[in-house]
Amino acid sequence: MNKVKHLIEPDDLTNSEIESLISKGMDIYDNPKNYSDVCKGKIMASLFFEPSTRTKFSFDSAMIRLGGNVIGFSDASTSSTSKGESLADTIKVMSFYSDIIVMRHPKEGAPKLASMVSEVPIINGGDGGHQHPTQTLTDLITIKRFKGNITNHTIGFCGDLKHGRTVHSLIKTLSRFEGNNFILVSPKELRLPEGLKYQLTKQYGTKFTEVETLDEVMDKLDVLYMTRIQKERFFNEEDYLRLKNSYILTNDKISNAKANMIIMHPLPRVNEISYEIDDDPRSVYFEQSRMGVFVRMALITTLLEEAK
Amino acid sequence: MNKVKHLIEPDDLTNSEIESLISKGMDIYDNPKNYSDVCKGKIMASLFFEPSTRTKFSFDSAMIRLGGNVIGFSDASTSSTSKGESLADTIKVMSFYSDIIVMRHPKEGAPKLASMVSEVPIINGGDGGHQHPTQTLTDLITIKRFKGNITNHTIGFCGDLKHGRTVHSLIKTLSRFEGNNFILVSPKELRLPEGLKYQLTKQYGTKFTEVETLDEVMDKLDVLYMTRIQKERFFNEEDYLRLKNSYILTNDKISNAKANMIIMHPLPRVNEISYEIDDDPRSVYFEQSRMGVFVRMALITTLLEEAK
Amino acid sequence: MNKVKHLIEPDDLTNSEIESLISKGMDIYDNPKNYSDVCKGKIMASLFFEPSTRTKFSFDSAMIRLGGNVIGFSDASTSSTSKGESLADTIKVMSFYSDIIVMRHPKEGAPKLASMVSEVPIINGGDGGHQHPTQTLTDLITIKRFKGNITNHTIGFCGDLKHGRTVHSLIKTLSRFEGNNFILVSPKELRLPEGLKYQLTKQYGTKFTEVETLDEVMDKLDVLYMTRIQKERFFNEEDYLRLKNSYILTNDKISNAKANMIIMHPLPRVNEISYEIDDDPRSVYFEQSRMGVFVRMALITTLLEEAK
């Protein structure tokens, strides 16, 4: 990660940089005390121009567990940009008040712009429907922890695969690692964009299978990645009524899944995973939240070391 | 407190646990430096789904003075529950980001539910009109500090005794300690609920006297606990006009009170205690706010020690 | 600063106290590590009854870099005053939860009132259009750093000089130091108030020159202090159209300025300084933001030492 000062999108990281962040995250998970003072005296500015409790608290917790401190806001209305100041000026000044900046912004590209004026590392904590690289890192460290590695898996994605940066980003990144192939489960109108499939097939030879129901593929999956599917995304009421239950996970639906399959979800969930699944040892979505803190600790400390 | 992992209501604590929290709180008050590092590296999540500056800052200050750190929000609108996530999921995830959780929630029972899914101790910082156990502990440590003990007192409660968890909770808890008896001063329509009086009389032999004005009982009180009385709680304008001044404390009204009586109030006050009283050495309501920090420090460190 | 416990307005400080805060600020700028633990265990309450990201974060960052901690809010709606509590009661209680209080409040005089009840030092972080003493200190330390001293300068102020506490406060304070004189650039209707000019001329013999355009005086300035000029402040559209470009700084306008002139601005800017100026070595407004942290560190640590 020698030349990377900011993390705006997963493609800013080489495969070996990703692997090193995951290893470091696992080492922090195993030996948290070794890292409890590495950011002593450092300040992270946590600038959430759009609210996101989970992401914000995961970062805040990460920085504090490294011995660092956090300043920031969780709501654009209290920021100077409400006085007509440009984002560039806001970021430039914030970079004097802190040693590293995490930002979430409703506008695509805002973190990229920020990285061009900031004197300190910028981490993109989500920019509109665009990029959310630390969610991808969280997903990867979770696969690493529960499956031993991030290669050679059959990974099912279920739900709305058309929208949703989380899914696109994870598929793109997993495609860069050897032997991963994808089973895509969604209604026809919510399939993964053709352009993305084409690009990945061309670039990495990625293999996709597309189906409409979970049942027909459940027994083949090493990883099942669930996402929410919103009623208003369907083209018509009829399709919605016909298909809605196909995308809600129940004990019944996973009865023939592999014993070591893992069930992931970026959270928050609404109803797409029944609560009964929480007790199944294959469900790891809460542990996934937990792992997010460790990989963010790895990222923060790495970026700060390089910024010295 | 061996089996208590959470504090949802005062009844979660035995008498000896209450006494030990108060003693520890007094020891922290006397020797704050001995405790300034005991929570180093620990994170308290301070989740205020309903705003309350005073309670939140008292807890935040407590955690920081123990050497710990705080993350959190003071407004539900910035939390994930606004995206339709269940409280149980929110709490479960927050329990990965922190070592202890303080929460205030507008719905009765929310902290109890939280305690059923959390991996870390939950402290109820107030749930609707229901419970607010650390206010009760604050009241008790204040009586301890200024009266030497929490037994054998004649305690007057004045104002709206029908509503208001603070009063109910404190009366219930004081009833569990020897020799306390109560003088209840309120308009007839705002008297302590019959059910509560019946229960306490039956269970502890608690003694109550009920009157309508402060004047007739002032000289008998060891402790006077004032509360606000809202105009809209009266049944009719006539009663309101007739009685309103009976429940506003002035220098004149306390002229025949005992020299060592103490005047308490949970704050914020509106006009039920005249500002002139602030200079009377018997007024301890500001010191009561101060003591809240120390008993919360005792609680946090006790729960964290037990959670090890 | 022996008798000063609070900082409500610049006039609370003697010249030698101002000089010592600036020196200490410069020493912190040069040797930040010497100060990284001086506020260990101390809590600053940061009470922003009116939002101001920049000022709040500058203070928060200052306190954290001194090793201290911060509690607070950035929005009055989450404070107890929304329950009808008096500001005096709120401040009194907050002074038990913290070791020093910074407050911004929309009402003039609120910090003064606060200083009368607080048990800990109060720093005024801005009260309406009234006072903002740490902005003045920030401006002074910036002049000190870039010009070597805060005496004997020709300082131009440009924009709306009628409103705006920043300009009034800085002119008043600079008038107290030897040899400073002022060139005031503004439309006629937005000139510095006559009363202020009269007072300063009388008291310190301060010299003012008043012009309508920057061009006619640019080559005479040691310091150019830009401020925003709002369209609605003009008396008529015609004047606005005629004059608006006179108050927007461009490379062209500074072509004949002194090589060592410095360009300041309290930020946020809207359009009164073209972005092209950012690359000119004479522009120091971003560095001015940075210096604000150091002079606030000097102030916090000085007030805390005296409060011991």
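The values are calculated or read from the model by the stated rules, or taken from the named source; none is laboratory data. Fair warning: this is a prediction, and the values are worked out from it, not measured in the lab. Methodologically, a virtual Cβ is constructed for each residue, glycine included, from the backbone with ideal geometry; neighbour enumeration extends over all protein chains shown.
Odds and ends about this structure:
- Scan of segment A:21-43 for residues that are without any contact (Cβ under 8 Å) to a residue 60 or more places away in the chain, more than 23 Å from the chain's Cα centre (by Cα) and away from chain C (no Cβ under 14 Å), ordered by number: A:N31, A:K33, A:N34, A:S36
- Residue identified as under 30 Å from B:C39 (Cβ atoms), touching a residue at least 24 places away in the same chain (Cβ under 8 Å), among the small types (G, A, S) and in contact with a Pro (Cβ under 8 Å, 6 or more places away or on another chain) among B:A298, B:A307: B:A307
- Of all residue pairs spaced 6 or more apart or on separate chains, those with beta-carbon atoms under 6 Å, a first member in segment B:145-168 that is modelled with pLDDT of 95 or more and small (G, A, S) and a second member that is buried (at least 18 other Cβ atoms within 10 Å of the Cβ) and assigned to a loop (DSSP other than H, G, I, E, B) are B:G156/B:L221.
Residue-wise test of (1) closer than 28 Å to C:T90 by Cα; (2) part of a helix (DSSP H, G or I); (3) among the basic types (K, R).
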residue: B:K202; (1), (2), (3): no, yes, yes
residue: B:R228; (1), (2), (3): yes, no, yes
residue: B:F286; (1), (2), (3): yes, yes, no
residue: B:G292; (1), (2), (3): yes, yes, no
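- Residue count, segment A:50-86 (criterion: within 11 Å of chain C (Cβ to nearest Cβ) and either outside any loop (DSSP other than H, G, I, E, B) or modelled with pLDDT under 95 (or both)): 18
- Checked against the criterion of being over 19 Å from B:V284 (Cα atoms) and without any contact (Cβ under 8 Å) to a residue 12 or more places away in the chain, the candidates B:G205, B:G179 yield just one match: B:G205.
- If the condition is being under 14 Å from B:I155 (Cβ atoms) and either of a type in the set (D, E) or surrounded by fewer than 16 Cβ atoms within 10 Å (Cβ to Cβ) (or both), then segment B:259-274 contributes only B:N260.
- For segment C:167-226, filtered to residues that are closer than 22 Å to C:I18 by Cα and among the β-branched types (V, I, T), the residue that is surrounded by the fewest Cβ atoms within 10 Å (Cβ to Cβ) is C:T201.
Every residue, every condition in (1) within 14 Å of chain B (Cβ to nearest Cβ); (2) aromatic (F, W, Y), yes or no:
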| position | (1), (2) |
| --- | --- |
| A:F208 | no, yes |
| A:T213 | no, no |
| A:L221 | no, no |
| A:L224 | no, no |
| A:N256 | no, no |
| A:L267 | yes, no |
| A:S283 | yes, no |
| A:E287 | yes, no |
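- Selection of segment A:130-149 for residues being surrounded by fewer than 20 Cβ atoms within 10 Å (Cβ to Cβ) and either in contact with a Gly (Cβ under 6 Å, 6 or more places away or on another chain) or among the polar types (S, T, N, Q) (or both) yields only A:N149.
- Which listed residue, of A:R290, A:R296, A:R269, is basic (K, R) and touching an Asp or Glu at 6+ places or on another chain (Cβ under 8 Å): A:R269
- Residue match in segment C:188-196 (condition: within 21 Å of C:L13 (Cα to Cα) and either at pLDDT below 95 or not aliphatic (A, V, I, L, M) (or both)): no
- Residue within segment B:244-253 that is among the hydroxyl-bearing types (S, T, Y) and within 14 Å of chain C (Cβ to nearest Cβ) present: no
- Failed item, numbered, when B:D127 is tested on (1) crowded, with 24+ Cβ neighbours inside 10 Å; (2) within 14 Å of chain A (Cβ to nearest Cβ): (2)
- Any hit, segment C:92-112, residues being farther than 30 Å from A:F48 by Cα, in a loop (DSSP other than H, G, I, E, B), over 14 Å from the mean Cα position of the chain (by Cα) and more than 11 Å from chain B (Cβ to nearest Cβ): yes
- Taking the criterion of being modelled with pLDDT of 95 or more and in contact with a Leu (Cβ under 8 Å, 6 or more places away or on another chain), the residues of segment B:255-273 that qualify are B:A257, B:K258, B:M261, B:I262, B:I263, B:M264, B:I273.
- So B:K40, is it in a loop (DSSP other than H, G, I, E, B) and either out of contact with any helix residue (DSSP H, G or I) (no Cβ under 7 Å at 6 or more places or on another chain) or β-branched (V, I, T) (or both): yes
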